[in-house]
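The values are calculated or read from the model by the stated rules, or taken from the named source; none is laboratory data. Values in this document were obtained by computation on a predicted structure and should not be read as measured data. Neighbour counts are summed over all protein chains in view; Cβ atoms, including those assigned to glycine, are modelled from backbone coordinates with ideal geometry. For the accessible areas, the whole protein counts, side chains as well, though only heavy atoms, and no ligand, DNA or RNA atoms are used. Shrake-Rupley method; radii C 1.70, N 1.55, O 1.52, S 1.80 Å.
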Amino acid sequence: MAGFRGSLQQLYEGATPAAYRFRYALLAFDIGTILFIVGTSFIARERWVETCDIVFGLIILIDFAARLFISDRRWRDLMHPATWADIAAIVSFLAPIVGEGAGFLRILRTLRLLRSYRLLAQLRADSGYFRRYEEVIFAVINLAVFIYVMTAVVYETQYPVNKEVANYADALYFTVTALTTTGFGDITLPGTTGRLITVAIMIFGVTLFFNLARALISPNKVRFACPDCGLQRHDADAVHCKACGRTLNIPDEGHV
């Protein structure tokens, strides 16, 4: 049992090529799950959709059990919001009547996986593009996650009672118009709950949108720790650390 646990830890936390491939595969699976949830919202519930639900649910359950098995802080991990999102996703896939719609929370797992220190280190090593535009990429991801989750919230809370929200496209349209404060008014969310959802979209969405704009306008930074003061981010062409003046030797691939 100890050997099996060690092998699992190596896959989830190790620094070998096989471990990196495994974590990239998990990321691809998470993205595929999200696309499946969105895509199937436009079609009727059929047998093949329910079969895929069960397959996705079992894979997520195995992944969840494996992570819990190798964890040294199980109770702390159980209290993490991303763990609750996993549980909600498992319930929604394996028992859709009980947890219908909660599967969209799986995207929070993708965000946590992307922010894994080891996966980030590998992305920086594998992709020069990621190194140059890391801040912009994460600003886009954060905004996309927010739009996706709020679209799902709008859809799940409104489609049973609001004829204007018949599918994800309608929910996405409302989310984007509310986020940009355009407010065409052709789709509205009635009631107190609807108004609170709209307010949340506008407040948090605008904040994330401006964060993306700041990342796009600000000069590109590279992640390189100053040996003296530890400042992590510097201009790509920096020769000296802005905080302490230490001469830097930032690796340069020769791109302008």
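Check whether at least one residue in segment 231-243 is modelled with pLDDT of 85 or more and open to solvent by less than 70 Å² (accessible area, probe 1.4 Å), and report yes or no.
yes
Kindly list the number of the only condition in (1) over 24 Å from Phe42 (Cα atoms); (2) crowded, with 18+ Cβ neighbours inside 10 Å; (3) of a type outside the set (A, V, I, L, M); (4) at pLDDT 80 or above that fails for Asn142.
Exception for Asn142: condition (2).
Criterion first (outside any loop (DSSP other than H, G, I, E, B), among the charged types (D, E, K, R) and more than 28 Å from Tyr148 (Cα to Cα)) does Arg23 satisfy it?
No, not satisfied.
Condition check ((1) in contact with a Cys (Cβ under 8 Å, 6 or more places away or on another chain); (2) more than 25 Å from Arg132 (Cα to Cα); (3) assigned to a helix (DSSP H, G or I); (4) among the β-branched types (Val, Ile, Thr)) across all residues:
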residue: Gly183; (1), (2), (3), (4): no, yes, no, no
residue: Thr192; (1), (2), (3), (4): no, yes, yes, yes
residue: Ile201; (1), (2), (3), (4): no, yes, yes, yes
residue: Cys226; (1), (2), (3), (4): yes, no, no, no
residue: Leu231; (1), (2), (3), (4): yes, no, no, no
residue: His234; (1), (2), (3), (4): yes, no, no, no
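Consider Ala15 against the criteria (1) open to solvent by 40 Å² or more (accessible area, probe 1.4 Å); (2) modelled with pLDDT of 85 or more: it satisfies all of them except one. Which criterion is unmet?
(2)
State all residues of segment 158-168 that are assigned to a helix (DSSP H, G or I) and modelled with pLDDT of 85 or more; if no residue qualifies, say none. Step through it out loud before you land on a result.
As a first pass, look at segment 158-168 and keep what is assigned to a helix (DSSP H, G or I): 158, 168.
Answer for segment 158-168, where residues must be assigned to a helix (DSSP H, G or I) and modelled with pLDDT of 85 or more: just Gln158.
Within segment 37-56, how many residues are open to solvent by 30 Å² or more (accessible area, probe 1.4 Å) and either assigned to a helix (DSSP H, G or I) or of a type in the set (D, E, K, R) (or both)?
12
Does segment 57-82 hold any residues that are surrounded by 16 or more Cβ atoms within 10 Å (Cβ to Cβ) and among the acidic types (Asp, Glu), and which are they?
Asp63
When you go through (1) open to solvent by less than 40 Å² (accessible area, probe 1.4 Å); (2) touching a Lys or Arg at 6+ places or on another chain (Cβ under 6 Å) one by one for Arg131, which number turns out not to apply?
Result: Arg131 fails condition (1) only.
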